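To keep things clear, I will list the structure first and then write my remarks on it.
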Amino acid sequence: MATSAGDRADPLVETVAGLDEALAAVDAFDEVLVAGLLRPRPAQAAALSGLADAVAGSPLAARVAEAAEKTAAGAAGEDHFVALAAARTALLGSVHDALTTRVEEVTGRPSVEESVPAPGGAQAPNLLAAARSWLCDLARAGWQGIDHELVSASAPVVSAMLPDPALRRPATLLDGFAAELAASCPGATLERFPVRRWADLWSRALLLTLPGAAEVPVTGTATGRLLPLGVDLHEHATAVQAQVHAVFEPADGTAPRLVRAGVSAPKPDTIVGAGLWQLLRPHMSLLAAAGEGRSMDLADMPVTAEGDLIWSDAYARPGEAVDAFATARVALSAASAPAAAPLDRHPARIAAPVFLEGYATRTDDEGALTLTIAGADFAVDADRIPTAGPLTPEAVATSNACIGLLRWDAGTFTVQPLAVETTVRKKAVAVHAGAWAGGTADKAGVKAEKAATDAAAVLRERAGRLLRK
C-alpha cells in the first residue's frame, strides 16, 4: 500500500475464494488434537477425513488419506502423524500464498518467481527420532491428557539437542513448547486451550525434526546499500529480539529488494522497556544506524533466499544519513519481496512492509484504533508497539503517514506501525518505534535506560556473590 496504492485497498478486505474452507479443515483437525489421537471418536474421525479431502488434489493425497484412515482406527504410527502435520502445514501454506498475492496486488510490489528449496541432509538422527517420538506421544494423549510426566519427557532430548548449532532451531521450539505445556498441566483441569497455537507448535516441531528440515541455507551474499525502514521488537520474559526491515539496493544496479536482519539475546525479567536495547546493541551495529537514521554499506554479507541477512558487523560499515520515509515513498513499492521457505508459509508470519498516507483515523470507546484508507478499514495492532521507544498509539492516531507491517490475524489484515509522521506544534516530525535503538537523549528514554542499567548492576552483583560462595 504505497502512496499510489491507496485506491487499491479493497482486495485486502474482499473474500478470498477457498480460504474459509481451508481454515475450517485446519480448525477441525486442531480440535482433534485437544482430545488426542489414541482413540478417536466419530466426530474426530470425520475431521481427519476432512483434512484428507482438503488436500485430495495435491501430491500429499494418498499419504494423508492413509494417515487419516489409520489414525481414525487408532492404529497410527509416526509416519502417519508426520503426514497429518504436513497436510495441515500445506493448507496454511496455501492460505499464506493467497493472502500474499493480495498484498502484492495492492502494493504493486514485484512478485517473486523463484521458490526457496527445502533443505536436505541428516543431523543427529537419533535425537531427531527421539523428539518425534515425544511429539507423537503428545498427539496421542491430546492437550486434555498432558501431565508433568509426559511433558518432562522432552527435557533430556532438548538438553542433548541444544549444544548442537545445527539442532538449535528445533530444540528451542521444543523447549518453549514444553514450557508452555508444563505451565498448563494437568490438561484435564483446563477449561480452555490455545488450540491453534499449540497445533501450530506441534506440527511445526514435528516437521522440523525431519532430517535436514531445520537447516537454514545461506544462498548468497549482499553487496550494496541497506536502507532501514523500521525496527520490530519482540519481547518475552526470558528473551528479546529485534528485527530490522530494510530496502537493499545492490551495488550491481539490479532491482532493490526487501530484506530483514535480526538479533536476539536472553534477558532477565527485570529488564524491560528501553533497557532492552542495552542487551541487543553490542551484537548489531545496524540497530544504531536504524535509530540514528543512517544507511549501511554492505560487502559480501551472507543472505538467505528468504531475504534474511546473516548479520556480522565485519561485513558492514555506517553509511550516509537517510530518511526512512523518503525510502518508503521512493523505493518501497519497487522493492521485491523474497520468497518464503516451505515451513514458513503460514498466515501468522505475514509481515509485509507498507507505506500509508492519506488515511483517516478513529478510536472507538474501548480505545481500539482504526485506519481508513480508500473506504477500507484496517485495525491498528497497538499491542505490537513496543514501550522501548517513543512511538505510541496516540502518535499513530494523530499521524498523516505511516511505515508499518501489514499482518493478518483472526481473518483480517491489520497494520503494525513502525514509524509515523505527525504534527507537533505545527511542525512535521517523524516518530519511530526503534528511535532509541542506538541510544537517545530523550528524557523518557534516558530514564528507562538508567533504570535498566541499575537493574543489570544489581543482577551482576548478586551473580558475583553466588559465584564467590
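Miscellaneous remarks
- Equivalent ellipsoid semi-axes, the stretch 370-447, via Cα gyration tensor eigenvalues times 5, rooted, Å: 24, 16, 9
- Against the main long axis of the alpha-carbon atoms of the chain, helix 42-54 sits at an angle near 60°.
- Ordered by the count of other Cβ atoms within 10 Å of each Cβ, fewest first, SER58, SER94 give SER58, SER94.
- Cα coordinate range in the stretch 120-215, projected on the principal axes (Å, largest first): 42, 23, 19
- Length-normalised contact order for the chain - Cα pairs under 8 Å, 6+ apart - percent: 16 percent
- Per residue Cα convex hull volume in Å³ - calculated over the stretch 18-79: 73 Å³
- Prolate/oblate/rounded label for the stretch 290-413 (Cα gyration tensor, a/c 1.5): prolate
- Neighbour count of at most 10 Cβ within 10 Å plus DSSP loop: longest GluC sites (Glu not before Pro)-free window in the chain: 192-365
- Label-point separation in nm, THR223 to THR412, each point 7 Å along Cα→Cβ: 4.8 nm
- Percent of Cα pairs exceeding the 25 Å cut-off, where the set is the stretch 220-334: 21 percent
- Within straight-line cross-link reach of LYS426, lysines at Cα separation under 23 Å, skipping those fewer than 8 residues along the same chain: LYS443
- Taking the C-alpha atoms only, the angle from helix 443-468 to the longest principal axis of the chain is near 50 degrees.
- Cα-only Debye scattering, the stretch 251-295: base-10 log of I(q)/I(0) at q = 0.25, 0.26, 0.28 Å⁻¹: -1.00, -1.04, -1.10
- Folded to 0 to 90 degrees: helix 78-107 orientation relative to the chain principal axis, Cα: 30 degrees
- Computed from the C-beta positions of GLN144 and ASP365, the FRET efficiency with R₀ = 35 Å rounds to 0.40.
- Cβ-derived FRET efficiency at R0 35 Å, GLU14 paired with SER49, nearest 0.05: 0.70
- Förster radius 22 Å - calculated FRET efficiency between ALA61 and ARG169 (Cβ-Cβ, nearest 0.05): 0.15
- The residues SER152, SER264, SER203, when put in order of fewest to most other Cβ atoms within 10 Å, stand as SER152, SER264, SER203.
- Across all directions, the shadow cast by the convex hull of the chain built on its C-alpha atoms averages 24.8 square nanometres.
- Sequence of THR172, THR414 once ranked by neighbouring C-beta atoms within 10 Å, starting from the fewest: THR172, THR414
Values quoted throughout were computed directly from the atomic coordinates according to the rules given, and no laboratory measurement underlies them. The model shown is predicted, which means the values in this text are computed figures rather than measured ones. All Cβ positions, glycine included, derive from the backbone under ideal geometry; neighbour counts span all protein chains shown.
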